[in-house]
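To start, the structure under review is shown below, and the notes come after it.
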Amino acid sequence: MNGSMTTIWRTPRDRPSRCWRSRAFRGFLAALLLAIIVVWMCGGGSYILRSLGWLVVAQEPLEKADILVVAIDANGAGTLEAADLVHRGVSTQVAVFNDPPGPVDREFIRRGLPYEDRGAVSTRQLLSLGIQNVKQIPRRTTGSEQEGDILPTWCEEQGYHSVILITSSDHSRRVSRILRRSVRGHWVRVSVKASPYSEFDPNAWWKTREGARTEIFELEKLILDVIRHPFS
């Protein structure tokens with residue numbers, strides 16, 4: 001038999017199975033969105049669309065904490081909300097994740113250009129907003145899953161018993177689920193605060209192309225997280 005025409009799948013999680021699951025899941029989402037559009041056209045759809053928008057947004061009680069942490073991708077929306085919460089007396093300290101230079105950044109540095117990572121930018125913004133006690137959390141990776149791995153251990157090493165993670169609104173629900181899993185076995189208490197300065201608006205996400213793209217993308221990831229971890 002021609003070897004070029006033969007494909008051997010070496011693991012039970014072979015490619016056809018993954019592709020079939022991906023197609024089935026995307027088909028389900030397409031059917032769901034089609035149903036939403038039909039309901040919207042028949043009237044009363046705005047309530048359903050707003051409900052879907054708030055489905056991806058965490059709404060947890062706000063309590064005082066030892067420290068506030070700005071999530072990796074919260075950017076300016078996170079630093080603004082952190083400053084507001086400090087001025088409201090929720091906490092006196094803020095931490096940001098540092099951003100080690102990547103290959104492109106290192107090339108700019110090699111050519112003598114200044115490099116200011118995201119953590120440095122956030123720190124400068126917080127200082128300008130009147131926040132004096134700013135710490136940096138070392139990291140080597142990006143993403144919410146790695147954020148959940150790093151944060152509980154770092155808090156314990158620093159002696160913090162309670163922390164509020166400030167993140168963008170569009171994936172705050174999923175981050176909250178990730179953190180609930182991450183803190184198991186740790187004595188630190190972590191809650192999530194969605195920044196009101198986030199670009200994503202759960203009350204009007206369907207009115208812009210970017211909002212619709214964000215909602216579909218985050219809803220898909222949230223549903224997958226629920227399927228993989230139903231008891232988070």
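Please treat every number below as a calculation from the coordinates, not as lab data. Please read all numbers here as calculations on a predicted model, not as lab measurements. Positions of Cβ are generated from backbone atoms using ideal geometry, with glycine treated the same way; all protein chains shown enter the neighbour counts.
Sort out for me the Cα centre separation of region 117-191 from region 53-79, rounded to whole Å.
9
If you plug each phi of region 51-66 into the Karplus form 6.51 cos²θ - 1.76 cosθ + 1.60 with θ = phi - 60°, what whole-Hz ³J(HN,Hα) values come out, in order, with x for Gly and Pro?
Result, rounded to whole Hz: 4, 5, x, 6, 5, 8, 9, 7, 10, 9, x, 9, 10, 5, 9, 5.
What are the equivalent ellipsoid semi-axes of region 67-194, built from the alpha-carbon gyration tensor (square roots of five times its eigenvalues), in whole angstrom, biggest first?
24, 18, 13
Once amide H atoms are placed 1.01 Å from N in the peptide plane, what residues at a sequence separation of 5 or more from residue 95, or on another chain, have their amide H within under 5 Å of its amide H?
68, 69, 70, 135
Just going by the charge dipole of region 67-194, with Lys and Arg at +1 and Asp and Glu at -1 on Cβ, which of 136, 187, 169 is farthest out on the positive end?
Towards the positive end, the residue furthest out is 187.
How long is region 142-232 along each principal axis, judged by its Cα atoms, biggest number first, in Å?
45, 29, 21
For a quick check of your reading of the filter: which trypsin sites (Lys or Arg not before Pro) in region 143-224 sit in a DSSP loop and have no more than 11 other Cβ atoms within 10 Å?
Sites meeting the loop and neighbour criteria: 184.
Show me, for region 150-166, the HN-Hα J-couplings you get by feeding each phi into the Karplus relation (A = 6.51, B = -1.76, C = 1.60, θ = phi - 60°), rounded to Hz, glycine and proline as x.
7, 4, x, 5, 4, 4, 5, 5, 8, x, 8, 9, 9, 8, 10, 8, 9
Would you please name the chymotrypsin sites (Phe, Trp or Tyr not before Pro) within region 159-232 that are DSSP coil residues with at most 15 other C-beta atoms within 10 Å of their C-beta?
In loop regions of region 159-232 (DSSP not H, G, I, E or B), the sparsely surrounded chymotrypsin sites (Phe, Trp or Tyr not before Pro) are 187, 231.
In whole Hz, what ³J(HN,Hα) sequence does region 69-74 give by Karplus (6.51, -1.76, 1.60; θ = phi - 60°), x for Gly and Pro?
So the Karplus estimates, Gly and Pro as x, are 10, 8, 4, 4, 10, 6 Hz.
Name the residues whose placed amide hydrogens come within less than 5 Å of the amide hydrogen of residue 189, ignoring near sequence neighbours (fewer than 5 apart) on the same chain.
162, 163
Can you tell me which lysines have their Cα less than 22 Å from the Cα of residue 193? Leave out same-chain residues fewer than eight positions away.
The qualifying lysines are 64, 135, 221.
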